[in-house]
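Peer 1: Provided herewith is a single structure, encoded as structure tokens, for subsequent inquiry.
The values are calculated or read from the model by the stated rules, or taken from the named source; none is laboratory data. Please read all numbers here as calculations on a predicted model, not as lab measurements. Backbone-built Cβ (ideal geometry, glycine too); neighbour counts: all protein chains shown.
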Amino acid sequence: MRSDQERLRDIVEHANLISTHLPASRDELDADVVLTAALVRWVGIIGEATARLSGAFRKSHPDIPWQRSPACATTSYTDTSRLTPICSGSR
């Protein structure tokens, strides 16, 4: 079983990938199916790692809205409009 530290490293690594490769606009995202697939995968990895953090770790960080985070791991992203919040800000 992986530790919380390993899962946190996964979260940071994939958040950095998203930040690095995030397109400037929704149109750019829509035009690049490979990037879209990568972003969906990376968000899923973050969600899965978040969902598997220990209860003790979650309790020690009550300021984080844990109940919202794991949804990324279980959502089927057949509709990329769900990614809009990711691309709506500037880099």
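Peer 1: Those residues that are out of contact with any helix residue (DSSP H, G or I) (no Cβ under 7 Å at 6 or more places or on another chain) and closer than 28 Å to Ala56 by Cα, I need them from the range 1-39; list them, please.
Peer 2: Once the filter is applied, which keeps residues that are out of contact with any helix residue (DSSP H, G or I) (no Cβ under 7 Å at 6 or more places or on another chain) and closer than 28 Å to Ala56 by Cα, the range 1-39 yields Met1, Arg2, Ser3, Gln5, Glu6, Leu8, Arg9, Val12, Glu13, Asn16.
Peer 1: Scan the range 15-50 for residues that are surrounded by 15 or more Cβ atoms within 10 Å (Cβ to Cβ) and at pLDDT 95 or above and jot them down.
Peer 2: Matches in the range 15-50: Leu17 only.
Peer 1: Out of Ser88, Ser60, Ser81, I need the residue that is exposed (fewer than 13 other Cβ atoms within 10 Å of the Cβ), small (Gly, Ala, Ser) and modelled with pLDDT of 95 or more. Which one?
Peer 2: Working: Ser88 fails: modelled with pLDDT of 95 or more; Ser81 fails: modelled with pLDDT of 95 or more.
It is Ser60.
Peer 1: Please list, ordered by first then second residue, the pairs with beta carbon atoms under 7 Å, 6 or more apart or interchain, first in the range 36-51 and among the hydrophobic types (A, V, I, L, M, F, W, C) and part of a helix (DSSP H, G or I), second surrounded by 20 or more Cβ atoms within 10 Å (Cβ to Cβ) and modelled with pLDDT under 90.
Peer 2: Partner pairs satisfying both residue conditions: Val43/Cys72; Ile46/Cys72.
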